[in-house]
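Enquirer: One structure, pasted below without further comment.
The values are calculated or read from the model by the stated rules, or taken from the named source; none is laboratory data. Since the structure is predicted, the reported quantities are computational estimates derived from the model, not experimental observations. All Cβ positions, even for glycine, are placed from backbone atoms using ideal geometry, and neighbour counts span all protein chains on display. These accessible areas exclude ligands, DNA and RNA; they are computed on the full protein's heavy atoms, side chains included. Shrake-Rupley method; radii C 1.70, N 1.55, O 1.52, S 1.80 Å.
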Amino acid sequence: MKTKKILILLSLSILIIACGNSLERAKRTVGLIQDNVTLIIGNVSEIQNRELDLQQDFEATINLSEDLSGFGQSDNPLNKNIAKRKDLLAEMEESRQQLLELCQELKDIPENDQLPKDQITKVIEYTTNLCDKTDIYISNYLENIEIEDQSYQSITSEEIDHESFFAVFDNVNLLYTENNMNLDQILEYFEPLNTLLVNLKVYLVNLTGK
């Protein structure tokens, strides 16, 4: 009889520990999702800052030489700008991959009556959608930035004339129009997802007491 009681108590203890672990895992995972969403927002903001710098970087590249050969220099301001944006896109992709893994981790957390299933389901749905839209943004931007680079490189051509020189601006503007359209697709998920994550994190912190 005593042995049976001990086994029951042990089973209850294991169940309590498992429930506690579920809550802690959920809190940790939600926190990491928040961190990666914040990183993506930061990357987007920095990419936009670099785009705003393009005019002065273009002028600085013109001033490197009298014959426009500065556009062919690997370390000119425009090339540095492009390289930085590529690095930021790579960081975005890394965060996107992390988010997909964290969504799976959230799905794999053992069931717990205290876990708000509807909120967690929404977090997974919104995060997955954000990742899908971010994938489109990154892949298209990477294609466009190569065309942008080629457009700047074309300025060093011996056949460049006044008309084709300014056509470069039209080409780049078209690329940014597409980039911004893709960006709008992901921005719509940031605010609702952040609200969900904050509310869920507060709830889990209150449950775990830390």
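Enquirer: Only one of (1) in a helix (DSSP H, G or I); (2) open to solvent by 30 Å² or more (accessible area, probe 1.4 Å) is not met by residue 131, so which one is it?
Expert: (2)
Enquirer: Still on this structure, I have one more. May I ask you to list the residues in region 167-210 that are free of Cβ contacts under 8 Å to residues at least 12 places away in the same chain and of a type in the set (D, E, K, R)?
Expert: 170, 184, 188, 191, 210
Enquirer: Mind checking which residues of region 44-80 are over 28 Å from residue 92 (Cα atoms) and either touching a strand residue (DSSP E or B) at 6+ places or on another chain (Cβ under 6 Å) or acidic (Asp, Glu) (or both)?
Expert: 59, 66, 67 - these are the residues of region 44-80 that are over 28 Å from residue 92 (Cα atoms) and either touching a strand residue (DSSP E or B) at 6+ places or on another chain (Cβ under 6 Å) or acidic (Asp, Glu) (or both).
Enquirer: Please count how many residues of region 44-65 are over 25 Å from the mean Cα position of the chain (by Cα) and open to solvent by 60 Å² or more (accessible area, probe 1.4 Å).
Expert: 5
Enquirer: If residue 156 satisfies every condition in (1) hydroxyl-bearing (Ser, Thr, Tyr); (2) open to solvent by 50 Å² or more (accessible area, probe 1.4 Å); (3) modelled with pLDDT of 85 or more but one, which is the exception?
Expert: Condition (3) is where residue 156 drops out.
Enquirer: Pick out the one residue from 107, 84 that is in a helix (DSSP H, G or I), surrounded by fewer than 16 Cβ atoms within 10 Å (Cβ to Cβ) and at pLDDT 95 or above.
Expert: That would be 84, the only listed residue that is in a helix (DSSP H, G or I), surrounded by fewer than 16 Cβ atoms within 10 Å (Cβ to Cβ) and at pLDDT 95 or above.
Enquirer: Just checking, how many residues over region 66-79 are surrounded by 15 or more Cβ atoms within 10 Å (Cβ to Cβ) and in a helix (DSSP H, G or I)?
Expert: Of the residues in region 66-79, 6 are surrounded by 15 or more Cβ atoms within 10 Å (Cβ to Cβ) and in a helix (DSSP H, G or I).
Enquirer: Then there's this: Quick one: in region 88-104, of everything that is open to solvent by 50 Å² or more (accessible area, probe 1.4 Å) and over 12 Å from the mean Cα position of the chain (by Cα), which residue is farthest from residue 45 (Cα to Cα)?
Expert: Among those residues, the one meeting the criterion is 104.
Enquirer: Regarding region 111-120, can at least one residue be identified that is more than 17 Å from residue 193 (Cα to Cα) and surrounded by 15 or more Cβ atoms within 10 Å (Cβ to Cβ)?
Expert: yes
Enquirer: Which of the residues belonging to region 134-146 are in contact (Cβ under 8 Å) with a residue 40 or more places away in the chain and either exposed (fewer than 15 other Cβ atoms within 10 Å of the Cβ) or of a type in the set (A, V, I, L, M, F, W, C) (or both)?
Expert: 136, 138, 142, 145
Enquirer: Applying the selection to region 172-190, what residues are open to solvent by 50 Å² or more (accessible area, probe 1.4 Å) and farther than 19 Å from residue 136 by Cβ?
Expert: Within region 172-190, 173 is the sole residue that qualifies.
Enquirer: Can you confirm whether residue 149 is assigned to a helix (DSSP H, G or I), within 28 Å of residue 184 (Cβ to Cβ) and open to solvent by 50 Å² or more (accessible area, probe 1.4 Å)?
Expert: No, not satisfied.
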